[in-house]
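Below is one structure; the comments refer to it alone.
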Amino acid sequence: MNLKSRLFQSDNQPDRIYYESDEASQLLSESLLKNLPRLYYKPIVIICIGTDRSTGDCLGPLIGSSIKKEIAYFHVYGTLKDPVHAVNLEETLELIQEKHNNPFIIAIDACLGRLKSVGYIQVDKGSIKPGAGVNKDLPAVGDMHITGIVNISGYMEFLVLQNTRLHLVMSMSEIISQGIIEAEKAYTEKRLSVRSKWLDNQDSIIN
């Protein structure tokens, strides 16, 4: 859980998508594709950070559980059954580096922010700094990130998280999940197209 939006580790302005927008999932998919690497051989790893023990902080695990059943190319860590949180984040990052060669990591987490920002989903390059809610000094995570602002920050954050509306969190998780599924499909099709063209060129050289 990122408690304040200033914890985003990027110098650019993030793409901001309101969860009630009619084109929210499509806009999120387009934003993801814009930021994904053009080196199509790099493994894409999604880390969905959070815990199912807090309504406000279960955004990541909800997304992880949803997309894990639907995607084939991207690798997913963090679900309702096996959440990634402050206690096991560093261990998970070590595992990812062992299993995947130079992965491109997308970090997903819930966030608290200003009142007028609640309900917005932000997509940007760069990492996020999890663990602020438990006062832990955890490593920055992600080559890019997706964050959902689920409630307001500034006072008694733990209580705020516990009293976050489940409807908002569920709605945002559905939008983000659908956007990721759409992006993975388009990214995989492009990857196969690039690979096919490369193989055709190799055949032309040989023949």
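The values are calculated or read from the model by the stated rules, or taken from the named source; none is laboratory data. Since the structure is predicted, the reported quantities are computational estimates derived from the model, not experimental observations. When we count neighbours, we look across all protein chains shown, and the Cβ atoms used for this are built from the backbone with ideal geometry, even at glycine. With ligands, DNA and RNA removed, areas are computed over all heavy atoms of the protein, side chains included. Shrake-Rupley method; radii C 1.70, N 1.55, O 1.52, S 1.80 Å.
Pairs linking a residue in the stretch 82-95 that is farther than 10 Å from Val141 by Cβ to a residue that is of a type in the set (Val, Ile, Thr) and buried (at least 18 other Cβ atoms within 10 Å of the Cβ), with Cβ atoms under 6 Å and 6 or more positions apart or on different chains, are Pro83/Thr51; His85/Thr51. Whether a residue is of a type in the set (Ser, Thr, Tyr) and under 17 Å from the mean Cα position of the chain (by Cα) was assessed, and Ser127 passes this test. If I ask for residues that are open to solvent by less than 40 Å² (accessible area, probe 1.4 Å) and touching a helix residue (DSSP H, G or I) at 6+ places or on another chain (Cβ under 6 Å), which ones from the stretch 74-98 would you list? Answer for the stretch 74-98, where residues must be open to solvent by less than 40 Å² (accessible area, probe 1.4 Å) and touching a helix residue (DSSP H, G or I) at 6+ places or on another chain (Cβ under 6 Å): Phe74, Val76, Tyr77, Gly78, Thr79, Pro83, Val84, Ala86. A search for C-beta distances below 9 Å between a residue of the stretch 62-79 that is at negative phi and touching a residue at least 24 places away in the same chain (Cβ under 8 Å) and any residue that is among the aromatic types (Phe, Trp, Tyr) and open to solvent by less than 40 Å² (accessible area, probe 1.4 Å), counting only pairs 6+ apart in sequence or on different chains, returns Gly64/Tyr77; Ile67/Phe74; Tyr73/Tyr187; Phe74/Tyr187.
Between Ser127, Ser117, the distinction of being open to solvent by 10 Å² or more (accessible area, probe 1.4 Å), at pLDDT 90 or above and among the polar types (S, T, N, Q) belongs to Ser127 only.
Within the stretch 44-51, is even one residue at pLDDT below 95 and open to solvent by 20 Å² or more (accessible area, probe 1.4 Å)?
The answer is yes, given that some residue of the stretch 44-51 is at pLDDT below 95 and open to solvent by 20 Å² or more (accessible area, probe 1.4 Å).
Could you tell me which of the residues Glu189, Glu174 is acidic (Asp, Glu) and at pLDDT 95 or above?
None of the others qualify; the one that does is Glu174.
Going by the structure shown, is Asp57 surrounded by 21 or more Cβ atoms within 10 Å (Cβ to Cβ) and either part of a loop (DSSP other than H, G, I, E, B) or over 14 Å from the mean Cα position of the chain (by Cα) (or both)?
Numbers: surrounded by 21 or more Cβ atoms within 10 Å (Cβ to Cβ): yes; either part of a loop (DSSP other than H, G, I, E, B) or over 14 Å from the mean Cα position of the chain (by Cα) (or both): yes.
For Asp57, the condition - surrounded by 21 or more Cβ atoms within 10 Å (Cβ to Cβ) and either part of a loop (DSSP other than H, G, I, E, B) or over 14 Å from the mean Cα position of the chain (by Cα) (or both) - is met.
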